[in-house]
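The values are calculated or read from the model by the stated rules, or taken from the named source; none is laboratory data. Owing to the predicted nature of the structure, the values given are computational and were not obtained by experimental measurement. We place every Cβ from the backbone using ideal geometry, glycine too, and count neighbours over all the protein chains shown.
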Amino acid sequence: MSNKFFILIPSRIGSTRLKKKPLIDIGGISLIQRVFNNAINITSESYVATDSNEIFEHVSKFTKNVIMTSSDHISGTDRVYEAATELQLSDNDLVINLQGDEPFMPNGLLKKIIDDFFKVDPDVISACHSIVDMHDLLNKNCVKVIINENGYADAFKREVTTTNNSYVMRHIGVYGYKYKTLSKIVNLKPTQSELNNKLEQLRFLDNNLSIYMTEYDKDVPPGIDTDEDLKKAEAYLKTL
């Protein structure tokens, strides 16, 4: 099995909550540059995939690793697939889909995901950590994952009522898969459970793709989706 891996960062301009979100300044550095800087510290094979000329021009100021993709994609997964195809990846190359609004994703977590993938060889790999705030159980914006005894995801839910089952964890939205698996995923039709819950990962489970969950025991700062998240990010920077 190939041990080559690539980190691909989908980035679109049309955010509905924060205007031109990838270009927002956070402590003197744009959101998308912070995400890229974290990735490039892990591998030189890190790329931003975007549909925006403005983002392309901005990213080009700090790296040549930027790929223009179609504006017709309905998901980041589709955008990542186009970029991976443009890069002519081999079937067994690992693709890490790192969301472009996660400026503080720990490098230790990304490295653990990569290590776990090559050890376990699942269809898909993602990540999770323990739920600390019990309010998150009913918070629909905090996705929960139920993990079986072998470390694989059995289900993803937006609401759960109890953590009596020690395998209920908070999902961290980063994914890894071989290029050949990604090629299969982008050709799968949305399933009813995915549409009902607005969770793309349910499409994987509904089509019998295994999802191994890397457990991470350190803090994972939240991504940037709202003005409140932006304020939290600026406050977080002051603690570093």
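Details
- Looking across segment 96-111, the residues that are charged (D, E, K, R) and surrounded by 17 or more Cβ atoms within 10 Å (Cβ to Cβ) come down to Asp101, Glu102.
- Every residue from segment 188-203 that is surrounded by 14 or more Cβ atoms within 10 Å (Cβ to Cβ), part of a helix (DSSP H, G or I) and of a type outside the set (A, V, I, L, M, F, W, C): Ser193, Glu194, Asn197, Gln201, Arg203
- Qualifying residue in segment 99-122 (condition: in contact (Cβ under 8 Å) with a residue 60 or more places away in the chain, in a strand (DSSP E or B) and either aliphatic (A, V, I, L, M) or under 24 Å from Ser44 (Cα atoms) (or both)): no
- Odd one out for Val120, checked against (1) under 19 Å from Tyr212 (Cβ atoms); (2) buried (at least 17 other Cβ atoms within 10 Å of the Cβ): (2)
- No other residue among Asn97, Asn139 is modelled with pLDDT under 95 and within 30 Å of Leu18 (Cα to Cα) apart from Asn139.
- Comparison of Ile13, Ile55, Ile42 shows that the only residue that is of a type in the set (Val, Ile, Thr), in contact (Cβ under 8 Å) with a residue 60 or more places away in the chain, on the phi < 0 side of the Ramachandran plot and outside the structural domain of Leu199 (by TED's automatic domain parsing) is Ile42.
- Selected residue (only one of Thr181, Thr214 is part of a strand (DSSP E or B), modelled with pLDDT of 90 or more and either out of contact with any strand residue (DSSP E or B) (no Cβ under 6 Å at 6 or more places or on another chain) or surrounded by 12 or more Cβ atoms within 10 Å (Cβ to Cβ) (or both)): Thr214
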